[in-house]
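Scroll down for the structure; my scribbles are underneath it.
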Amino acid sequence: MKSLEKLPKAKRVKIGKEANEIKNFLRIKFDQKAQEIKEKIKKEAEEKEWIDITAPGKKPILGHLHPLTQVKRKTEEIFQAMGFSVVEGPEIETEWYNFDALNIPPEHPARDLWDTFYLKDKLVLRTHTTPVDVRYMEKNNPPLRIITIGRVFRHEATDASHEVNFYQLDGLMVGKDVNVANFKAVIQEFFRRFFEKPVKIRLIPSFFPFVEPGFQVDMTCLNCEGKGCSVCSQTGWLEMMGAGMVHPNVFKNSGLNPKFWQGWAFGMGFDRLAMMKYKINDIRLFYSGDLRFLNQF
Ligand SMILES: [Zn+2]
């Protein structure tokens, strides 16, 4: 169009007219094509966005709580209903709280019962949750009722019933006249509600440095209900926990006067409790992250 000016006048009129016609023709064609493309895009978008509201919904895949967490919550619920508070303590513990305060001095043979992970600066990975009892008694005056469920560590070879890291349940009840009868009632009730079956317990004299007297607690075998089977070696009883009346030295180390206060404490492997409830035969399954196992809960 710009070069039209350079043409002689006679030619300019004719070519100018033709150029204008071509220009208009192209404009119309471009506009038509643009409209077509616009409509095509619109149609495609509508097809994509269309929702069939009659189609059945897709169920989102939800995870769920780990079996140990489920059992932990159930345990806490049962004890809380009996007036116990749920407390926690550090997993990295001082030697004092893990041993000395619990009446296990450095030369005491009981320290050899556990293969402990020793860290720097007199710190250890706690071998049990009992140190939490001392920490709690230091800061709270009796009467008190607490449980603690937490991770503990032992340097052990792993097999179906041993892990280097597992959970322990500890309980403590202290008052002016708290006694073994209270202990029997509380623990029997806990087992009954936990396993949802009537159970009996029995106490057998045993030794733990932080209690006096100490006892091992057996429960009627859930498998045979006390008749005797292979699970309970034909005895009708299963060993469940260690317990006893809190040793006067533990009270002293916690800043309480053993002349005024008395109470009981117990400790038990928590994984084992879950294994019994769900009939799980290998503790390592809890920590393997295997979905074939976890999806069953
Ligand atoms: Zn049995």
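The values are calculated or read from the model by the stated rules, or taken from the named source; none is laboratory data. This one's a predicted model, so the numbers in the text were calculated from it and none came from an experiment. As a convention, Cβ positions derive from the backbone with ideal geometry for all residues, glycine included, and neighbour counts pool all protein chains shown. Accessible surface is based on the protein model in full, side chains and every heavy atom, while ligands, DNA and RNA are left aside. Shrake-Rupley method; radii C 1.70, N 1.55, O 1.52, S 1.80 Å.
So is residue 170 surrounded by fewer than 19 Cβ atoms within 10 Å (Cβ to Cβ), closer than 30 Å to residue 285 by Cα and either under 27 Å from the mean Cα position of the chain (by Cα) or not small (Gly, Ala, Ser) (or both) or not? When the stated conditions are applied, residue 170 does not pass them. Within the stretch 61-112, the set of residues being open to solvent by 40 Å² or more (accessible area, probe 1.4 Å), assigned to a helix (DSSP H, G or I) and closer than 23 Å to residue 271 by Cα comprises 69, 70, 72, 73, 74, 77, 80, 81, 112.
Entry remark, the stretch 107-152: residues being farther than 18 Å from residue 243 by Cβ and of a type in the set (A, V, I, L, M) number 4 in total. When residue 191 is tested against the conditions (1) outside any loop (DSSP other than H, G, I, E, B); (2) more than 28 Å from the chain's Cα centre (by Cα); (3) within 16 Å of the ligand (Cβ to nearest atom), the lone failure is (2). Quick check on the stretch 205-259: of everything there that is within 13 Å of the ligand (Cβ to nearest atom) and among the hydroxyl-bearing types (Ser, Thr, Tyr), which residue is surrounded by the fewest Cβ atoms within 10 Å (Cβ to Cβ)? This residue is 230. When 246, 250 are checked against the criterion of being in contact with a strand residue (DSSP E or B) (Cβ under 7 Å, 6 or more places away or on another chain) and among the β-branched types (Val, Ile, Thr), 246 stands alone in meeting it.
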